[in-house]
1. Place the peptides 77-84, 31-38 in order of packing, highest mean first, counting for every residue the other Cβ atoms within 10 Å and averaging per peptide.
2. So how much slack lies between residue 40 and residue 228, counting 0.36 nm per residue of separation and subtracting their Cα-Cα distance, in nm?
3. Taking only the alpha carbons of the chain, what extent do you get along each of the three principal axes, in Å, biggest first?
4. Go from 0 up to the bin containing the longest alpha carbon distance in the stretch 95-191, width 10 Å each, and give me the % of pairs per bin.
5. Determine the equivalent ellipsoid of the stretch 68-123 by diagonalising the alpha-carbon gyration tensor, then write out the semi-axes as square roots of 5 times the eigenvalues, largest first, rounded to whole Å.
6. Please work out how much length the chain gains when fully extended from residue 143 to residue 52, using 0.36 nm per residue of separation minus the C-alpha to C-alpha distance, in nm with one decimal.
7. So if we plug the beta-carbon distance of residue 65 and residue 219 into 1/(1 + (r/R0)^6) with R0 = 51 Å, what FRET efficiency do we get, rounded to 0.05?
8. Take the chain, connect every pair of alpha-carbon atoms lying under 10 Å apart with a spring to form a Gaussian network, then pick out the residue of 110, 67, 175 with the largest mean-square fluctuation.
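Bear in mind that the values in this text are calculations on the coordinates, not laboratory data. It should be emphasised that the depicted structure is a prediction, and the values quoted were computed from it without experimental measurement. Note that each Cβ is placed from the backbone with ideal geometry, even for glycine, and that neighbours are counted across all protein chains shown.
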Amino acid sequence: MADSNARLALVTGAGQGIGAAVTGQLVSEGMRVIAMEKRVDLLDGLAAKFGDKVIPSELDLCEMTSISGVVSELVQEHGPVTALVNNAGVWPGSPIVDMDDKTWRLNFAINVDAPFALMRCLAPVMAEAGGGGVVTVASRNAFRSSTNNAGYDASKAAVVALTRTAAGEFARNNIRVNTVCPGVISTPGNSSAEESLFKAAYTKQIPMDRYGEPEEIARVISFLLSEASSFLTGQAIIVDGGQIACQDNARYLEVPGLR
């Protein structure tokens with residue numbers, strides 16, 4: 001049985017990939033987790049795996065006007081949330097001249113609007129509880145863009161800026177706010193990146209010569225929510241196997257078919 005006095009976290013996009021790894025990591029540390037996800041089947045899987053340590057919450061984060069009411073009900077029923085992980089993300093893309101308004105807005109609705117709404121709701125709750133932590137999953141693309149991804153790249157850069165402002169505003173209430181910016185991670189949403197020839201070529205851009213695993217991102221998020229990072233706020237932590245830090249040009253000679 002879950003300890004009703006255990007610290008309560010809320011994780012969005014909790015059903016699979018990084019979100020599921022974060023949920024598992026926080027549960028393993030003794031926390032209760034509100035798993036927010038729009039797919040009921042994925043919530044059922046988490047409930048089966050973790051039992052009452054996970055509190056399922058079905059919500060489509062595109063419905064920004066619904067977030068406040070849902071969060072208020074969850075806090076009233078389960079207690080104060082003192083850890084928020086804005087993990088849910090989307091990345092529909094196309095060239096700028098072909099991108100319609102709906103695609104652009106979808107990127108911002110999930111990647112920026114939802115984290116903003118959740119921080120706005122939960123910052124007062126955390127303040128009243130004595131403090132807390134917020135981690136938003138941004139992307140390496142906040143710092144290095146790619147073609148045909150204008151909506152995604154812009155939204156991830158925006159959420160990094162939002163993090164800095166929130167960190168400054170919330171610090172007086174002992175609430176720390178950071179972002180994690182992953183490179184390519186092996187998740188269901190990145191299945192196209194697992195195609196063998198693409199992967200063999202792409203990993204030559206990564207000094208560590210591989211994609212990351214969801215659990216590796218989850219451990220960084222856990223650190224940012226813990227007292228081990230008690231003087232760290234307003235930061236964007238890039239976790240990409242060294243891709244942005246250093247390009248090894250000689251490795252391109254290892255790309256299949258290059259020579």
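1. Values: 77-84: 19.5, 31-38: 24.9.
Peptide ranking by packing, descending: 31-38, 77-84.
2. Working: separation 188, 0.36 × 188 = 67.68 nm, distance 3.44 nm.
Gain in length upon complete extension: 64.2 nm.
3. 62, 39, 38
4. Computed distribution, short to long bins: 15, 41, 29, 12, 2.
5. Numbers: eigenvalues 188, 19, 12 Å².
Taking √(5λ) for each Cα gyration eigenvalue gives 31, 10, 8 Å.
6. Values: separation 91, 0.36 × 91 = 32.76 nm, distance 3.89 nm.
Contour length minus the Cα-Cα distance gives 28.9 nm.
7. Numbers: r = 34 Å, r/R0 = 0.68.
It comes out at approximately 0.90.
8. It is 67.
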